[in-house]
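Working notes for the structure below.
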2 protein chains.
Amino acid sequence: MASKIQPVKGTREFYPEQMFLRNFIYEKVRAASQAFGYQEWDAPFIEPIDLYAAKSGEELVKKQSFTFQDRGGDFVTLRPELTPSLTRMIAAKQGELTFPLRWWSFGPFWRYEQPQKGRSREFFQWNIDMLGVDSPLADAELIAVAAAFLRSVGLNPLLASIYVNNRRLMESEFDALGIIPEKRLEVSNLVDRRSKMEPAKWDAYALELGLTQKQVDGLKNILSNFELWKKSDELTRLFAALEALGVKEYVKFNPNIMRGLLYYTGTVFEAYETSGSLKRAILGGGRYDNLLADVGGPPLPAVGFAMGDVVIGIILQEYGLLPEFIPTPAAVLVTLFDITMWIKSFELAVQLRNAGLNVMVYPEPVKLQKQFKFADRMKMKIALTVGPDEAANDQVAVKNLVNGEQVTVKREAVVEFIRKILARV
Amino acid sequence: MASKIQPVKGTREFYPEQMFLRNFIYEKVRAASQAFGYQEWDAPFIEPIDLYAAKSGEELVKKQSFTFQDRGGDFVTLRPELTPSLTRMIAAKQGELTFPLRWWSFGPFWRYEQPQKGRSREFFQWNIDMLGVDSPLADAELIAVAAAFLRSVGLNPLLASIYVNNRRLMESEFDALGIIPEKRLEVSNLVDRRSKMEPAKWDAYALELGLTQKQVDGLKNILSNFELWKKSDELTRLFAALEALGVKEYVKFNPNIMRGLLYYTGTVFEAYETSGSLKRAILGGGRYDNLLADVGGPPLPAVGFAMGDVVIGIILQEYGLLPEFIPTPAAVLVTLFDITMWIKSFELAVQLRNAGLNVMVYPEPVKLQKQFKFADRMKMKIALTVGPDEAANDQVAVKNLVNGEQVTVKREAVVEFIRKILARV
């Protein structure tokens, strides 16, 4: 029986209550993006597998993608990330686009990973990027957008932090330790794992990778040095800009933030909930100046970040930061007194909708008590009834479902009367 | 080179201008749905292939679906339609949901069909359904939602019509012609093709299907009889309800509307642009009282419709019904006078954003002329500059980009001043 078929593992069903959460996140994402003038865009949800081959996201495609051959024989992937599509679209219209380009997007992505808390196989992701500018001011703006979002959902600087580092700074520190360029990817991953491993195991792992004890000690010194940013002109300018943008309280320098992907070239950052109960980053990103040229696109400096909907959704629920779920967008129910009166009810609903109100009509002449109970369960605020007496006198019975008061109002005054009640509740 | 890789055939890239159209449709869909109190929901985008097997949409899955085996060996389909997911989700929570249920959704779907005008392989679709009520009043409400949408996008009754028929009425007419139940599906398809075939070919095709000449003549009589609805109590009540809902001018009885899918049980309807330049329906739906029970769900009467974004998008563009595309959500640009002044520019932008304005800062100290030109190309309304003189006097230079006027304003008065300009342009 079709009704007994389970959803695909790692996908989510959005009943109205879950949809309300998804929409809440989307609205806050949109507001933060638009406050800084970013334009909304989107790419196809299925893409040719070759699109991902040229990029360091290869692991994504080889191990974690939903990939298949379509009926025409083409190899197609459910997009695991957005940047390769961004690259293609910008390269295709480079001459027509107005730079600096500020684009944001919110849509579905898929990764074939083990579902667990904070991770699903089908998820939504906010992507936001500025292209065409190589400056710490641009980096600061992206971090300010992230902070504006966190603030807008009620995550103040005590609850969430944005940790910042700089790849160029780390490269020069690695140079000073004599870590050869061929080891950089492994060392980056090593740094990324530090918070997830026991110290002794991490040390052993570092030696296994071929680092000397002196290099390991030096690396640990670097990773514990929270003043290291003072060596970096870029970070110094970045923090000054973050102060001017009023978001410095959200931001902390942290030399342990590396970001897995190799393509970052300067500033990198990740936001975390500060209690640490959830080890996953809320969002992460950075500067990637070479990526577009590397994949055959125009040389174009870029900075951006991405945020999945799963981790932030869990945090908002755990902190009780979601507004109350209101099941229906209609605050007003027009009841059906009995089958002889349905035309009056329909006409009343039309009058109210024409005035811009969202209005539901109960679609069957069941007992009025049942209709009122329905309105209560849907958390509606007002129920209107037109019975034969009201109809004869061109009136409407208005019941305030919040305080139970019921009055009879002239039909032509009902819109104003309802607006007043809704303004109060 | 990744940048030269073409998108998958039949998918679309949403540059900000195309995204603006998609969002315009989504906003109008949302407004029409919410005006009648419908709740937004969504299903997973990938579903088990078995979900579609029990339903008459089987052709969709066998011939037109994107179907594949995932890394875990499960057979997965990019959803070609929403109703099977609706069925599963309602069956799973039947006891907790409040009926009558009014749900709407807008999201991506995939069908492996030949892309052509009005049809893409990846598209967005509005789905809206009322479950739990078997009444022409409910059918009328769904048609009124469709009409409210058409009206909201500027398609008045001269430009678009909703054609209505009733399956029960047609069944009884087929009975009267002696068309046996086994032939009903073929005859339904025959009726659906009538507007797309030459009359002589259609007659020949009807005879090929095994109808007698008398049955073909009788069928043609039925299909030309636009008064036939008077025989149907359901249609009579439906039209009365549509009149009460103020949308009768959009609706015409048309016995040629059958809807391909077998699962419809009563009212069926399709909306078309009246000029007929595009032969595809804008939207279509009807009553399907047995579907949920048929697939093992709870017995539950239902009525709903679906609308793809492609046909309506073409029509809105062809009729010039789209509002002007404004590239950026920020009407205000804060320029960067020179590199010494950047902090002042950033702080001004923060002040304006805190007042609720969407504001872009030019992120590099290029020539002011270039920054103003950027603002023009982005169709921004106002450019603000803080140079050394303005900074010394706590002022801001405000340039109205619509009429070219430039004045200097005290910093504390700038928000009010901008609001006044924006209210006028």
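Summary of computed values
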quantity	calculated
When residues of the stretch B:232-245 are limited to those that are more than 17 Å from B:Val145 (Cβ to Cβ) and among the hydrophobic types (A, V, I, L, M, F, W, C), the one nearest to the other protein chains (Cβ to nearest Cβ)	B:Ala240
Residue within the stretch A:205-225 that is in contact with a Phe, Trp or Tyr (Cβ under 6 Å, 6 or more places away or on another chain), away from every other protein chain (no Cβ under 14 Å) and modelled with pLDDT of 95 or more present	no
Among the residues listed as B:Val415, B:Val386, the single one being surrounded by fewer than 18 Cβ atoms within 10 Å (Cβ to Cβ) and at pLDDT 95 or above	B:Val415
Verdict on A:Gln369 being more than 30 Å from A:Glu273 (Cα to Cα) and out of contact with any Phe, Trp or Tyr (no Cβ under 8 Å at 6 or more places or on another chain)	yes
Answer from B:Phe305, B:Phe337, B:Phe325 - the residue that is aromatic (Phe, Trp, Tyr) and under 17 Å from the mean Cα position of the chain (by Cα)	B:Phe305
Residues of the stretch B:264-285 classified as modelled with pLDDT under 90 and surrounded by 20 or more Cβ atoms within 10 Å (Cβ to Cβ), total	0
Number of positions in the stretch A:132-176 that are more than 20 Å from the chain's Cα centre (by Cα) and within 13 Å of chain B (Cβ to nearest Cβ)	7
Unique match (being of a type in the set (A, V, I, L, M), touching a strand residue (DSSP E or B) at 6+ places or on another chain (Cβ under 8 Å), surrounded by fewer than 21 Cβ atoms within 10 Å (Cβ to Cβ) and in contact (Cβ under 8 Å) with a residue 12 or more places away in the chain) among B:Leu150, B:Leu101, B:Leu177	B:Leu101
Entirely in the stretch B:315-424, the helices (runs of 4 or more DSSP H) that have 3 or more residues that are facing another protein chain (nearest Cβ under 10 Å)	B:342-354, B:368-377
Selection status of A:Phe106, surrounded by fewer than 22 Cβ atoms within 10 Å (Cβ to Cβ), more than 25 Å from B:Thr11 (Cβ to Cβ) and touching a residue at least 12 places away in the same chain (Cβ under 8 Å)	no
Any hit, the stretch A:289-299, residues being touching a Phe, Trp or Tyr at 6+ places or on another chain (Cβ under 9 Å), touching a residue at least 24 places away in the same chain (Cβ under 8 Å) and surrounded by 22 or more Cβ atoms within 10 Å (Cβ to Cβ)	yes
Residue match in the stretch A:278-297 (condition: more than 30 Å from A:Ala423 (Cβ to Cβ), part of a strand (DSSP E or B) and either outside the structural domain of A:Leu131 (by TED's automatic domain parsing) or among the hydroxyl-bearing types (Ser, Thr, Tyr) (or both))	no
Selection within the stretch A:154-171 - surrounded by fewer than 20 Cβ atoms within 10 Å (Cβ to Cβ) and over 18 Å from A:Gly260 (Cα atoms)	A:Gly154, A:Asn156, A:Pro157, A:Leu158, A:Leu159
The stretch B:355-382, residues that are in contact with a helix residue (DSSP H, G or I) (Cβ under 9 Å, 6 or more places away or on another chain) and more than 19 Å from A:Ala138 (Cβ to Cβ)	B:Ala355, B:Gly356, B:Leu357, B:Lys381, B:Ile382
Among residues of the stretch A:21-46, those that are touching a helix residue (DSSP H, G or I) at 6+ places or on another chain (Cβ under 7 Å) and in a strand (DSSP E or B), counted	3
From A:Lys248, A:Lys214, residue being basic (Lys, Arg) and closer than 23 Å to A:Ala146 by Cα	A:Lys248
Filter result (part of a helix (DSSP H, G or I), facing another protein chain (nearest Cβ under 7 Å) and free of Cβ contacts under 8 Å to residues at least 60 places away in the same chain) within the stretch B:9-20	B:Met19
Tabulated pairs, the stretch A:202-231, first free of Cβ contacts under 8 Å to residues at least 24 places away in the same chain, second in a loop (DSSP other than H, G, I, E, B) and surrounded by fewer than 17 Cβ atoms within 10 Å (Cβ to Cβ), C-beta under 8 angstrom, 6+ apart or interchain	A:Tyr205/A:Met197
B:Ser120 being touching a Ser or Thr at 6+ places or on another chain (Cβ under 8 Å), within 14 Å of chain A (Cβ to nearest Cβ), buried (at least 19 other Cβ atoms within 10 Å of the Cβ) and of a type outside the set (A, V, I, L, M)	yes
So A:Asp50, is it over 22 Å from the mean Cα position of the chain (by Cα) and among the acidic types (Asp, Glu)	yes
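The values are calculated or read from the model by the stated rules, or taken from the named source; none is laboratory data. Because the structure is predicted, anything quoted here is derived from the model rather than measured. Counting neighbours? That spans all protein chains shown, and the Cβs are built from the backbone with ideal geometry, glycine included.
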